[in-house]
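Laboratory data are not the source of any read-out in this text; all were calculated from the coordinates shown. Note that the structure is a prediction, hence the values are computed from the model and not measured. Note: ideal-geometry Cβ built from the backbone for every residue, glycine included; neighbour counts use all protein chains shown.
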Amino acid sequence: MIVGVLAVIFLATLIRSAFGFGEALVAVPLLALLIPIEVAAPVAVLVSITVALVAVIQDWRHVHFPSVGVLFLSTCAGVPLGLWLLSTWPEWAVQTVLAVVIVSFSLFFLLSRSPPRLKNGRSAWLFGFAAGVLGGAYGMNGPPLVAYGTLRRWSPQQFRATLQGYFLPASLVVMGGYWLAGLWVPVVTRYYLLSLPVVVGAMVAGRAVNARFRAERFLTAVHCGLIGVGIVLLVRAWGG
């Protein structure tokens, strides 16, 4: 079982290190097939904190700190609305709406001859708020942040580093919640420590992949990844 857990963590960390997002769709669902979900979720968040911390230390010059601050604070403001949606809307409806928005945005970006571009960060709060809503409703705050980064035309290095700058405090808040809920138990620490060598290897490989991307190809890969996210959500919503 431990080999399977480490393989999942390696794959999720490789995706996160290369693109700056996307590990949530891999780590928790696959880990939950091998270990209890109340163990899988904290382990995934601890790995997320580690990846984000290392990335920020290495690439802090590429982090767009003004955007990080606005995105994080507005995310905190959007979480209550997301929790309200979670408690009032059917899960399949939340997933379907999220999937349609994600796929439509990415298809428009890929098929448009002159995709839209944000020249400044005045609208960052809107994307951060949307991330908070989606995070509170479904634990998936990445897509609005990815959309914002692509609209700003950040380089692959700045895109990756800025997203990690955002996910570091966000993941720390989530881990604090797990600790208060009593979910940080010894078995979580054990799996996390065992995974560290795998995490380091995946971060090195992911960083190398990120460095090889040209800006245009990187944006295409990111939006193809988002379309994949949307398809997975639709399958979950309608296929169970």
Compactness check, the range 74-138: C-alpha Rg relative to the 2.2 N^0.38 Å globular estimate gives 1.28
Computed over the chain, the relative contact order (Cα-Cα under 8 Å, seq sep at least six) in percent reads 37 percent
Diffing the range 157-166: the Karplus 3J(HN,Hα) column from phi (6.51, -1.76, 1.60, θ = phi - 60°), in whole Hz with x for Gly and Pro, holds 5, 5, 4, 4, 5, 5, 5, 5, x, 6
Subtracting the Cα-Cα distance of C224 and L118 from 0.36 nm times their residue separation yields 36.1 nm
Only helices counted: for the chain, with every DSSP H run of 4 or more residues adding -39500 (n - 2.57) and the sum spread over all residues, [θ] at 222 nm is -27500 deg cm²/dmol
On each of the three principal axes the extent of the alpha-carbon atoms of the chain, given in whole Å and largest first, is 51, 42, 32
Taking R0 as 25 Å and r as the Cβ-Cβ distance between V235 and V173, the FRET efficiency 1/(1 + (r/R0)^6), rounded to the nearest 0.05, comes to 0.25
Quick note on L151, L107, ordering by fewest other C-beta atoms within 10 Å, gives L107, L151
For the range 2-239, the dipole about the Cα centre with charges only on Cβ (Lys and Arg +1, Asp and Glu -1), to the nearest 20 debye, works out at 860 debye
